[in-house]
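Report on the structure given below.
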Ligand SMILES: Nc1ncnc2c1ncn2[C@@H]1O[C@H](COP(=O)(O)OP(=O)(O)OP(=O)(O)O)[C@@H](O)[C@H]1O
């Protein structure tokens, strides 16, 4: 893999469009968006349900339904290649390795019948070869860096034996074990209660900073954006309506839709009203 300089974007999306073929007609889920993500930065894509956020995230690793159910166009450049057009084998090599993704619901990604340590080891075996046993130390280190105490014991447990917060930490460990350059987190804390949400966000920020990873965070929650993002894209109906550094978006939004989103986020509204008084 070639070295990326910190000024060069690690991911560059140009005029991405995604159409879905629905029974009611074509859904233009993403209508020509362009953006870049750099190493060591956190970019949040924010917008209401249905604005196209998850479709963008899924496009990066080609997880949307295959044509003719969905058609992507434009380009997503990573390491000199276009992720929309490279071959499946090359994509498999990148997926879960150089670019990883975590989702809202860890249970949909974890295998209920396999111990979590084995599942994480399997990721390494797939990408690096060797026997799973050889990857034991790396698995325990990944669990530890996701903030899991007593990783030796946790590694032997099954997903249903873990709390929601621990399961999400296991997903983070699984996403990190290949040492990715880009981590995509699609609503990673939405299903968790507030205290656990804050803990998981702390883990993500800590990891992003200590590893210099690029983090793409998909969320509908501007409170989450305020805590972790460097830069923000605001999406509505498949288009980017506003973009900028997080401070500018939160304190001086230019677009009426961004102002509406802010007004609908009680915690931020209270903070802003306090600052204004
Ligand atoms: N597989 C699919 N087939 C048809 N339409 C789809 C499919 N996936 C998404 N869509 C449509 O594309 C649009 C964008 O959906 P998307 O899930 O990307 O939005 P979102 O902003 O991530 O919202 P949410 O937070 O609810 O997931 C919506 O109109 C949605 O109904």
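Please work out if residue 49 is within 24 Å of residue 247 (Cα to Cα), within 14 Å of the ligand (Cβ to nearest atom) and outside any strand (DSSP E or B). Let's see the steps before the verdict.
Details: within 24 Å of residue 247 (Cα to Cα): yes; within 14 Å of the ligand (Cβ to nearest atom): yes; outside any strand (DSSP E or B): yes.
In short, yes.
Considering only the stretch 177-277, give the strands (runs of 3 or more DSSP E) lying wholly within it that have at least 1 residues that are at positive phi and more than 16 Å from the ligand (Cβ to nearest atom). It would help to see each step written out before you state the result.
Working: elements: 182-186, 214-219, 231-236, 239-245.
Passing ranges, in order: 239-245.
Please go through the stretch 20-44 and pick out each residue that is more than 9 Å from the ligand (Cβ to nearest atom), buried (at least 16 other Cβ atoms within 10 Å of the Cβ) and either within 20 Å of the chain's Cα centre (by Cα) or under 26 Å from residue 207 (Cβ atoms) (or both).
Scanning the stretch 20-44 gives 33, 35, 36, 37, 38, 39, 41, 42, 43, 44.
Working carefully through the options 145, 163, 100, find the one that is out of contact with any strand residue (DSSP E or B) (no Cβ under 8 Å at 6 or more places or on another chain) and under 29 Å from residue 12 (Cβ atoms).
Residue meeting the stated conditions: 145.
Within the group 84, 124, 110, which residue is surrounded by 16 or more Cβ atoms within 10 Å (Cβ to Cβ) and under 16 Å from residue 179 (Cβ atoms)?
On the way: 84 fails: under 16 Å from residue 179 (Cβ atoms); 110 fails: under 16 Å from residue 179 (Cβ atoms).
That would be 124, the only listed residue that is surrounded by 16 or more Cβ atoms within 10 Å (Cβ to Cβ) and under 16 Å from residue 179 (Cβ atoms).
Find all pairs meeting these conditions: Cβ atoms under 8 angstrom apart; at least six residues apart or on different chains; first residue within the stretch 150-173 and part of a loop (DSSP other than H, G, I, E, B); second residue loosely packed, with under 15 Cβ neighbours inside 10 Å.
Note: pairs meeting the criteria are 158/112; 158/113; 158/114.
Quick check: is even one residue across the stretch 96-105 away from the ligand (no atom under 16 Å from the Cβ), closer than 29 Å to residue 189 by Cβ and in a helix (DSSP H, G or I)? Step through it out loud before you land on a result.
First pass over the stretch 96-105, keeping only residues away from the ligand (no atom under 16 Å from the Cβ): 96-100.
Filter again for closer than 29 Å to residue 189 by Cβ, leaving 96-100.
If we keep only those that are in a helix (DSSP H, G or I) too, we end up with none.
Looking for residues that are away from the ligand (no atom under 16 Å from the Cβ), closer than 29 Å to residue 189 by Cβ and in a helix (DSSP H, G or I), one finds none in the stretch 96-105, hence no.
Select, from 223, 244, the only residue that is over 18 Å from residue 183 (Cα atoms), surrounded by 15 or more Cβ atoms within 10 Å (Cβ to Cβ) and modelled with pLDDT of 95 or more.
Details: 223 fails: modelled with pLDDT of 95 or more.
Just one listed residue meets the conditions, 244.
Identify the residue in the stretch 61-81 that is at positive phi and more than 14 Å from the ligand (Cβ to nearest atom) and, among all such residues, is surrounded by the fewest Cβ atoms within 10 Å (Cβ to Cβ).
Going through the stretch 61-81, the residues at positive phi turn out to be 62, 74, 79-80.
Within this subset, residues satisfying the condition of being more than 14 Å from the ligand (Cβ to nearest atom) are 74, 79-80.
On the way: 74: 17, 79: 15, 80: 8.
Result: 80.
Please specify each residue of the stretch 134-160 satisfying the condition of being more than 21 Å from residue 207 (Cα to Cα), exposed (fewer than 13 other Cβ atoms within 10 Å of the Cβ) and touching a helix residue (DSSP H, G or I) at 6+ places or on another chain (Cβ under 8 Å).
Looking only at the stretch 134-160, we keep the residues that are more than 21 Å from residue 207 (Cα to Cα), and these are 134, 153, 156-160.
Filter once more, keeping what is exposed (fewer than 13 other Cβ atoms within 10 Å of the Cβ): 153, 156, 160.
Passing the criteria: only 156.
For residue 124, state whether it is more than 16 Å from the ligand (Cβ to nearest atom) and touching a strand residue (DSSP E or B) at 6+ places or on another chain (Cβ under 8 Å). Quick ask: steps written out before the conclusion?
On the way: more than 16 Å from the ligand (Cβ to nearest atom): yes; touching a strand residue (DSSP E or B) at 6+ places or on another chain (Cβ under 8 Å): no.
In short, no.
The values are calculated or read from the model by the stated rules, or taken from the named source; none is laboratory data. Since the structure is predicted, the reported quantities are computational estimates derived from the model, not experimental observations. Using ideal geometry, Cβ is built from the backbone for each residue, glycine included, and neighbour counts are taken over all protein chains shown.
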